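First the structure, in the form of structure tokens, and then the observations on it.
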Amino acid sequence: MNSIENHNVSLKFEDLVSEYKERLYWHIRRMVISHEDADDVLQNTFIKVFKNLNNFQGDSQVYTWLYRIATNECLTFINKRNRTTHLSNEDLQESLVTSLTSDPYFDGDEAQLKLQQAIDTLPTKQKQVFVMKYFDELQYNEISEILGTSEGALKANYHYAVKKITEYVTDN
Amino acid sequence: MKSDKENKNNQFNVPQGYFESFDERLMTELKFQQLFPEKSDGFTVPENYFDQVEKTIIELSKPQGKLVNYNFKTITGTAAAIAAVLLVLFSVVNPIDKEMEFDSLSITSLESYFEDEDRLQDYFSSEELNTIQNNTSIFDDQVVTDDIIYEYVDQEIIQSSLNDH
């Protein structure tokens with residue numbers, strides 16, 4: 001079984017799966033919305049982690065490395081889904097959020113449904129930053145490492161995201 | 001409390017426009033917290049999902065198929081013979097001095113090449129992929145010449161990537 005073994009870290013693949021599967025799942029789920037899609041993306045993420053374990057240098061935290069892979073897998077999945085359905089990202093997200101009302105794995109109330117609708121009006125980058133900061137409760141320096149964006153830009157992105165969500169929910 | 005004048009003598013500084021935008025940022029955050037006092041997204045998972053998915057992932061990472069003990073010398077010899085035959089075949093059918101033309105590539109081949117997520121992610125960060133996908137201005141004209149594509153790749157992607165690093 002593969003493992004990370006260098007001067008900084010020593011972790012087995014099984015330990016990574018056990019430790020991070022839930023955190024990564026919820027991050028992915030909030031980006032792709034449906035459970036089935038999140039399940040696919042989570043598995044793809046860990047397969048990529050497994051293939052690249054030996055390339056991990058230990059320069060960054062393990063979980064920021066895992067988050068980066070998960071984030072890239074989400075974007076790849078979303079782009080592929082958009083191409084396959086021939087819908088714009090906005091139209092597709094809207095239809096996915098609408099379908100939440102009949103989703104057996106969504107038990108949110110009206111406010112949570114509105115929040116999802118509002119989140120899905122955001123551009124992808126703002127959505128990523130909002131999900132990571134608000135739900136995943138990552139620090140700006142961690143998000144900066146994951147997305148390769150300056151902390152100042154991330155703070156601006158988060159502020160605009162909160163503002164747009166508030167306006168959307170108030171207006172609707 | 002120190003007066004504004006006394007504070008002007010201290011060594012600390014704030015980002016430009018910090019105090020001007022503070023009220024607006026605070027009010028936005030307060031409004032948001034009033035609308036969503038509890039942090040919850042309403043998503044759930046099937047029962048025992050996380051136990052099952054862990055098993056599935058570990059299973060997927062295991063080598064597939066039965067291990068067979070091959071004779072290394074035989075494999076090397078066979079591989080060398082196949083490589084030699086393929087080399088001769090390719091040099092006859094597709095001479096090395098023949099230049100690959102951009103036009104000779106089918107659109108499907110190009111799409112298949114770039115749709116391979118591994119290839120894209122090897123060369124571009126997620127942010128760059130987003131930029132490429134969102135920036136469709138080069139397709140505004142009906143005719144996209146090779147020069148336009150080369151210029152776009154050179155200036156927009158390679159140069160901006162170099163500037164970033």
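Being open to solvent by less than 30 Å² (accessible area, probe 1.4 Å) and at the interface with another protein chain (Cβ under 7 Å from one of its Cβ atoms) is the requirement here; does B:Val53 meet it? Outline the logic, then answer.
Values: open to solvent by less than 30 Å² (accessible area, probe 1.4 Å): yes; at the interface with another protein chain (Cβ under 7 Å from one of its Cβ atoms): yes.
Yes; evaluated as a whole, the condition is true for this residue.
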**Request:** For A:Lys114, indicate whether it is under 27 Å from B:Leu26 (Cβ atoms) and at the interface with chain B (Cβ under 9 Å from one of its Cβ atoms).
**Result:** yes
**Asked** Taking segment A:141-154, which residues are within 11 Å of another protein chain (Cβ to nearest Cβ) and buried (at least 17 other Cβ atoms within 10 Å of the Cβ)?
**Response** A:Ile146, A:Leu147, A:Thr149
**Request:** Would you tally the residues in segment A:103-137 being assigned to a loop (DSSP other than H, G, I, E, B) and farther than 17 Å from B:Val45 by Cβ?
**Result:** 6
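If you check A:Ser60 against the conditions, is it closer than 24 Å to A:Leu113 by Cα and among the small types (Gly, Ala, Ser)? Please lay out each step first, then the result.
Details: closer than 24 Å to A:Leu113 by Cα: no; among the small types (Gly, Ala, Ser): yes.
In short, no.
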**Request:** Give the residues of segment A:70-108 that are under 17 Å from A:Asp120 (Cα atoms), touching a Gly at 6+ places or on another chain (Cβ under 9 Å) and free of Cβ contacts under 8 Å to residues at least 12 places away in the same chain, sorted by residue number.
**Result:** A:Phe106, A:Gly108
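The values are calculated or read from the model by the stated rules, or taken from the named source; none is laboratory data. A quick note: this is a predicted structure, and the numbers were derived from the prediction, not measured. Every residue, glycine among them, receives a Cβ derived from its backbone with ideal geometry; neighbour counts consider all protein chains shown. Note: accessible area is taken over every heavy atom of the protein model, side chains too, but ligands, DNA and RNA are not part of it. Shrake-Rupley method; radii C 1.70, N 1.55, O 1.52, S 1.80 Å.
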